[in-house]
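Engineer: Here it is: the structure, laid out below.
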Amino acid sequence: MNNETIQHQLNHRSIRAFKAQSLSPEDRNTLLEVARQTSTSNFFQQFSILHITDETKRQAIREISNQPYVGANGDLFIFVADLYRNQQIRQQKGLDDGRLHTTEVFFQAMQDATLAIQNMLVAAESMGLGAVLLGSINNQPKRLVQILELPKMTFPVLGIQIGVPDQAPQLKPRLPLDQLVFENGYPHEFSIEQLADYDEVVQTYYDLRNANQRIDSFTNQIAGAKLADGLLQRDEILEVLHAQGLCWR
């Protein structure tokens, strides 16, 4: 089974170079409508979207992300887990905050935001646009909350940069299905040798790709510096969540 939507999804590539133009108002509104129609837990609609057009803020987010393409060409959106709106509804109806400070409800909001941003990504690619998801916005979560002037009961989950592609990167090989999909339960026995063939595929990809060629493999990346023990500013996330009134229990 194949169709145009599936083909776009199977050919997903993160685009990090965009032409020097912004989205048209029509394209931007289409993408926002797609995000708005995303499935939402309990119909609570606990996410919001910030369209970042202020150059000072875009520069600050670029510094946090440490990626030159963030907030450069194209349009930058930040998806926010938003419990503030529903807190205000409850308070203005004379109620307490109920379960809004719990980790479970925050997870609902985070899931709402994540699903919405993925829908926007798929829609953008179907329109011939390019996009890259930005987990790097939370390299400095405390600073980001300040830059975005977020109220308590909110937290920035992911960013996305969307624009007209100015590159055509190769398709990056993903883990094979037999390492991702299991029937009825998770297999507890794992050997790194099961990934030997995949490591070879990844190494060939890095060796042959057009940009940033290197000799590397999947298991070497997992064993590398990014997951080595040590404190990062990203580790402030739980502290910031608590300061924002979230995940108290």
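Engineer: Taking a 29 Å limit on the Cα-Cα distance, which of the listed pairs LYS19/LYS172; LYS19/LYS142; LYS57/LYS172 fall beyond it?
Structural biologist: The answer is LYS19/LYS142; LYS57/LYS172.
Engineer: Modelled label-to-label distance, ASN3 and GLN118, 7 Å Cα→beta-carbon offset: nm?
Structural biologist: Taking the two extended label points, one gets 1.9 nm.
Engineer: Just to confirm the filter: which GluC sites (Glu not before Pro) across segment 82-190 are DSSP coil and have at most 16 other Cβ within 10 angstrom of their Cβ?
Structural biologist: On the way: sites: GLU104, GLU125, GLU149, GLU183, GLU189; in loops: GLU149, GLU183, GLU189.
Taking segment 82-190 and a limit of 16 other Cβ atoms within 10 Å, the loop GluC sites (Glu not before Pro) found are GLU149, GLU183, GLU189.
Engineer: What value, in deg cm²/dmol to 500, does the helix sum -39500 (n - 2.57) over DSSP H runs of n ≥ 4 give at 222 nm once divided by the residues of the chain?
Structural biologist: The per-residue figure over the chain is -11500 deg cm²/dmol.
Engineer: If we count chymotrypsin sites (Phe, Trp or Tyr not before Pro) as exposed when they sit in a DSSP loop and have at most 15 other beta carbons within 10 Å, what is the longest stretch of the chain that avoids them all? Can you show the working numbers first?
Structural biologist: Values: sites that count: PHE182, PHE190, TRP248.
Between the exposed loop sites, the longest stretch runs 1-181.
Engineer: Zone of MET127 (label point 7 Å along Cα→Cβ, backbone N under 12 Å): which residues in segment 145-164?
Structural biologist: Label zone hits: 162-164.
Engineer: For Cα pairs less than 8 Å apart in space and 6+ apart in sequence, what is the mean separation divided by the residue count of the chain, i.e. the relative contact order in percent?
Structural biologist: 26 percent
Engineer: Compute, for segment 98-249, the length of the dipole vector about the Cα centre, with Cβ point charges of +1 (Lys, Arg) and -1 (Asp, Glu) only. Units Debye, rounded to 20.
Structural biologist: Details: 11 positive and 18 negative charges, 153 e Å.
So the magnitude is around 740 debye.
Engineer: Just to confirm my numbers, what's the Cα centroid distance between segment 171-225 and segment 75-148 in Å?
Structural biologist: About 30 Å separates the Cα centre of segment 171-225 from the one of segment 75-148.
Engineer: Please give the contour-minus-distance gain from ASP216 to SER41: 0.36 nm per residue of separation, less the Cα-Cα distance, rounded to one decimal in nm.
Structural biologist: 59.0 nm
Engineer: Do any trypsin sites (Lys or Arg not before Pro) in segment 6-43 lie in a loop, going by DSSP, with at most 13 other beta-carbon atoms within 10 Å of their beta carbon, and if so which?
Structural biologist: Hits after loop and neighbour filter: LYS19.
Engineer: What FRET efficiency do you get for LEU175 and ASN11 if R0 is 22 Å and r is their Cβ-Cβ distance, rounded to the nearest 0.05? Walk me through the intermediate numbers first.
Structural biologist: Numbers: r = 17 Å, r/R0 = 0.79.
Taking R0 as 22 Å, the efficiency between LEU175 and ASN11 is 0.80.
All of the numbers you see were taken from the coordinates with simple rules; none came from a lab. This structure is a prediction, so every number in the text was calculated from the model and none was measured. With ideal geometry, Cβ positions are generated from the backbone for all residues, glycine too; neighbour counts draw on all protein chains shown.
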